[in-house]
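This report refers to the structure that appears directly beneath it.
Just so you know, all these numbers are worked out from the coordinates, no wet-lab data involved. Just so it is clear, the model here is predicted, and its values are computed rather than measured. In this analysis, Cβ positions are derived from the backbone assuming ideal geometry, glycine residues included, and neighbour counts consider all displayed protein chains.
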Amino acid sequence: MKSTVEHLSPTRVRINVEVPFDELKPDFDRAYKKIAQQVRVPGFRPGKAPARILEARIGRAPVLDEVVNNAIPVKYQEAVVSSEDVKPIGQPDIEVTEIADGERLAFTAEVDVRPEIELPELDGLAVEVDETEVTDEEVTEQLDQLRARFGTLAGVERPARTGDFVQIDLSASVDGKEIEEATTTGFSYEVGQGGLIEGIDEALEGMSAGEEKTFTSQLVAGEHAGADAEITVKVTTVKERHLPDADDEFAQLASEFDTLDELKADLRERLGRSKRMEQATQARDRLLEKLVEGTEVPLPESVVQAEVDNRLHDAVHAFDHDEERFAEFLASQDRTREQFDTESREEAEKAVRYRLVLDALADKEEVSVNDQELTERILYQAQQYGMAPEQFVQQIQQAGQIPAIYQDVRRSKALITAVRAASVTLPNGDAVDLSDLLGPDDEETTVEEAPAGSDEADAEATDGAGTEEAASGEDGGTGSDATGETADAKA
């Protein structure tokens, strides 16, 4: 087999392949065997008719079609492997240019490829991260959040205000027709929490038990997403939360510590660790931005378009892929489809640019991923999706996603390699040592898996050492239904 490569652009090549028919003998054998199973020839058992009899009966063309269709993918892969500088991304466009029966098969394959990217030297890069000093106000805020978990709810005979917990019945109608999926009763909600329905907090403020109010809001999901709806809310109960005193007794209830000072010291230490993790995340993200800003990255159009298509698919999926409803939703957000398409392309180009830079960095630093690292990432993602590891593995195998996860781990390790080599400083110029957070050079760090602001980081900062979950109690005791109310509202 002969193959040559033409570089059409920094991101696209044409591979010219010529295969002598002698190399196709195994493909012909397989083709005859397959066709013999499908064609009944008098005097021969299924699959036993000789090649010349088959060709006499059905002609040469079906045999050639079968051979060519099976041989081209294999020969294309062989050509790619033999061309070490070609790294395809995406599917090739194949064109058969010649079938000279008995002599040769020739075809071309145009495909997008990873461009050659020249990266700056890592030890010349520098990034600045924030301070990690923990203030007294931040410790007090974390303590108050912990106290709230052990608070109690008590019914009150007054209008609701921000911070109160109310039990409500909700219904919605569009053009006078009630929307069943937007109807609920006995729903627990914290006034001022937000994230439920736009306008709900303003409506609830000042309402007393037994009162009902109607207001207009836009639905954001379901069949009527983007439509104006008449929302009716009825308050059945109003409760206020009482926090336990911040004293030694509370410290003993909420943690393993005997005194409030010990608990506050532990919260301060945890906040400090959280901020250190935030420093590492900042160093990672800001270094990647510098790498991308300082690097010329040609973008493969087919890869960018695939990213754009994925973003559009995800956006319209919530509207059952109804383009008209999606357009109505955009209009409700004072956005046009043209604006959405422009923003999607910009975001897609940025995402592809970042991935290409990280892939080039991983190649330059010869980053590899071992089975343990891949397994740990899969287990972590299974946990994030709330799935059993076996079920998650089965799904990603069926979807062919394991290579993508492998590549994500490789990119992560490559970026951490860059952070280790770069200069990281505080605003005052002092150097920051992140080695204890980045781990050994040959292991993947967990910095990106719990970035500052994530649920994991926040939980670590707010949960006192040895803190126990509060038990539910309707109107008193050591527990509180405040925890249950909040959980219900979030759900």
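Given a cut-off of under 8 Å on Cα pairs at least six residues apart, what relative contact order in percent is computed for the chain? Provide the component values of the computation, followed by the final result.
Details: 746 pairs, mean separation 92.3, N = 491.
So the answer I get is 19 percent.
Please report the relative contact order for the stretch 33-185, taking Cα pairs under 8 Å with a sequence separation of at least 6, and give it as a percent rounded to a whole number.
In percent, rounded to a whole number, it is 10.
What's the longest uninterrupted piece of the chain once you rule out the trypsin sites (Lys or Arg not before Pro) that are loop residues per DSSP with at most 14 other Cβ within 10 Å?
In the chain, the maximal stretch lacking such sites is 61-334.
Do the sum for the chain: with -39,500 (n - 2.57) for every DSSP H run of n ≥ 4, divided by all residues, what is the mean residue ellipticity at 222 nm, to the nearest 500 deg cm²/dmol?
-14500 deg cm²/dmol
Where in the stretch 236-318 are there GluC sites (Glu not before Pro) that are in a DSSP coil and have at most 15 other Cβ atoms within 10 angstrom of their Cβ?
Numbers: sites: GLU240, GLU249, GLU256, GLU262, GLU269, GLU278, GLU289, GLU293, GLU296, GLU301, GLU307; in loops: GLU256, GLU296.
Loop-located and lightly packed - GLU256, GLU296.
List, in the order given, every pair from LYS177/LYS239; LYS350/LYS413; LYS290/LYS413; LYS2/LYS413; LYS2/LYS48; LYS2/LYS34 whose Cα-Cα distance in the structure shown is over 26 Å.
LYS177/LYS239; LYS2/LYS413; LYS2/LYS48; LYS2/LYS34
If you keep only loop residues by DSSP, which GluC sites (Glu not before Pro) in the stretch 102-144 have at most 15 other Cβ atoms within 10 Å of their Cβ?
Details: sites: GLU103, GLU110, GLU116, GLU118, GLU121, GLU128, GLU131, GLU133, GLU137, GLU138, GLU141; in loops: GLU103, GLU116, GLU118, GLU121, GLU131, GLU133.
Passing both the DSSP loop test and the Cβ count: GLU103, GLU116, GLU118, GLU121, GLU131, GLU133.
Using Cα centres only, tell me the gap between the stretch 26-41 and the stretch 147-178 in whole Å.
A separation of 72 Å, based on Cα centres.
I'd like the distance separating the alpha-carbon centroids of the stretch 276-316 and the stretch 207-259, in whole Å.
The stretch 276-316 and the stretch 207-259 have Cα centres spaced 37 Å from each other.
Which lysines, on any chain, are close to LYS213 with Cα under 16 Å apart, when same-chain ones fewer than 8 places away are left out?
Cα-Cα hits under 16 Å: LYS234.
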